[in-house]
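Report on one structure; see the data block that follows.
Every number in this text was worked out from the coordinates using simple rules, so none of it is lab data. This is a predicted model, so every value here is computed, not measured. With ideal geometry, Cβ positions are generated from the backbone for all residues, glycine too; neighbour counts draw on all protein chains shown.
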Amino acid sequence: MRNRRIAPVVAISAVAALVPALTPAVASAAAPAPRAAAAADALKPYTQQKPRWKRCDAEAPANFECATVKVPLDYTRPDGRKLDIEVSRTRATSAQDRRGVLLLNPGGPGGAGLDMPLWLAPELPDAVKKQYDLIGFDPRGVGRSSPVSCGLNDDDRNWQRPYKAATFGKDVRWARTVAEKCRAKGGGVLPHLTTRNSARDMDVIRAVLGEKKISYLGYSYGTYLGAVYTQMFPRRADRFVLDSAVDPERIWRGMIQVWAEGAEPAFARWSEWTAERHATYGLGSTPAEVGRTFWDLVAQADRKPVDLDGTLLTGDDIRAGRAMFFDVTYAAETVARLKKAAAGGPSTPAPSRRSTSPAPVPPSFARAVPSDNMDASFWAVVCADTRAWPRDPEQYRRDAIRDKARYPLYGDFASHIKPCAFWQKGAEPATKVNNSVRALILQNEWDSQTPLVSGQGLRRAMKGSRMVTVLGGQGHGVYGSKSCADKTATAYLTTGRLPAEDLTCRAPSGQARNRLQLPLPVPPGVQER
């Protein structure tokens, strides 16, 4: 986590017409064929690259190879500035059964995916690894792919800011400062760090790998990236698994606001569950009593911060931990610790958590990148992807006041001002996702980062898709977590068969918590639970 909040508590035109695809075969019907052909010819220096594969790192497995692919910063000016996209692969384990490539994306925006073939492979079925080369990559501006920086300090990077009348002016200055720093340091690059351009980069990777189509497994923000690819390159999309989905209709302010909306039913569920276990946690014997215990702790911490394991927490710090309520056991354990600390009792050990790295990554594999790289690339995508961000700071004030009343836990955090209010416009408008590509959407019922309504929104947009909902499922990331949805996803990847209709399955009792704990990146300042 990047700010100093609860570390153990809390853990998105002309251009479109000119380059709708990389070859005339997938040109938009609205684009004249000569123009599409000219665009394809202009991109030949990129699509006809020959990758020079080499061992990624001396400490990495010998079969883990990396290569650098060049892409244009601006696809409307392919002769201009170039970016490096770092790509990795592990080959299919069976040459006879090999079908093609499976591109992987862990989410973000700003999440590095170069090492995904290493840590995800142990969680994937052998049948999938027989058929696909696993392809990782750092999206443009991220990690080892021409990483960007805004030169942000720790205060700049802390965007978990509740609305308060007394600090509103300071928060507006913070948002303006972040935008100005980013414009000063990366103004020529950041407007082009969009999801549409990352989708174009994926299609360059496809061409460089010599594949007619790609298959894809994307988590979190990776679902939106995958959905945009299917919209831009529908004939290039083979088997797409979109796991823990972003609603394309809510890009991007609405996707942050949905965290507040989703937190309220999660809190209600947690209150009921915890009341039934009053003998264990001592937080109240009815849901109303449990709720009062929590809000009394928030009020007490606002008067005098609570010392939890040496960290002083205000009531706002505690509210910022809204993600914990999606994991009822962890939330009950944590609130019980807060209650004890607030009463002056001795500190108790933090609830045990599994490591978030299922497979070790060689320590020297991750080259040094700017400390604010994820922050810079996150804001670049979130702000430049869409032109729908309000420009008037007073609208953020009004919305934060309104949403704190609607969603007391997190509403003002979600709707308060962000750097996007002062960001320079992106290179092109956001993508309207509305297609019939056959994809599979996976969604846990209790996901803190992409709540269930988000997955349902993507399902509506992708009319040819099917969705598997894991009832009772907790955590961010489904496939590979040994959930009841894994069988359907594996069958789709290995046979191409989608279910005839949307499915629901239920997480086994006692196994609702996400067992895999994928190291999925989330927006800076928010630690997913």
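At a glance:
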read-out: Structure-based [θ]222 nm, the chain - -39500 (n - 2.57) summed over DSSP H runs of at least 4, per residue, nearest 500; value: -11000 deg cm²/dmol
read-out: Gain in span if fully extended, residue 509 to residue 434, counting 0.36 nm per residue against the direct Cα distance; value: 23.3 nm
read-out: Cα-based reach from residue 212 at 20 Å (exclusive), listing lysines while leaving out same-chain residues under 8 positions away; value: 44, 50, 70, 129, 130
read-out: Most positive-pole-ward Cα, 107, 429, 325, against dipole of the chain from beta carbon charges; value: 429
read-out: Exposure proxy ranking, count of Cβ atoms within 10 Å, fewest first, for 174, 446; value: 174, 446
read-out: Segment residue 292-residue 312, length gained on full extension (0.36 nm per residue, minus Cα span); value: 5.1 nm
read-out: Taking N as its residue count, the alpha carbon Rg of the stretch 255-342 over 2.2 N^0.38 Å; value: 1.03
read-out: Sites residue 62 and residue 173 - FRET efficiency at Förster radius 45 Å, r taken between beta-carbons, to 0.05; value: 0.30
read-out: Rounded to the nearest 20 debye, dipole of the chain from Cβ charges on Lys, Arg, Asp, Glu; value: 940 debye
read-out: Peptides ranked, highest mean first, by Cβ atoms within 10 Å: ranges 193-205, 261-273, 225-237, 428-440; value: 193-205, 225-237, 261-273, 428-440
read-out: Burial order of peptide ranges 94-101, 324-331 (average beta-carbon count within 10 Å, highest first); value: 324-331, 94-101
read-out: Dipole moment magnitude, nearest 20 debye, the stretch 255-342 about Cα centre, only Lys, Arg, Asp, Glu C-beta charged; value: 200 debye
read-out: Calculated FRET efficiency for the pair residue 388/residue 97, C-beta based, R₀ 41 Å, to 0.05; value: 0.35
read-out: Distance (nanometres) between label positions extended 7 Å along Cα→Cβ at residue 54 and residue 456; value: 5.2 nm
read-out: Where N is the number of residues in the chain, Cα Rg divided by 2.2 N^0.38 Å; value: 0.96
read-out: Euclidean distance between Cα centres, the stretch 260-287 to the stretch 81-151, Å; value: 39 Å
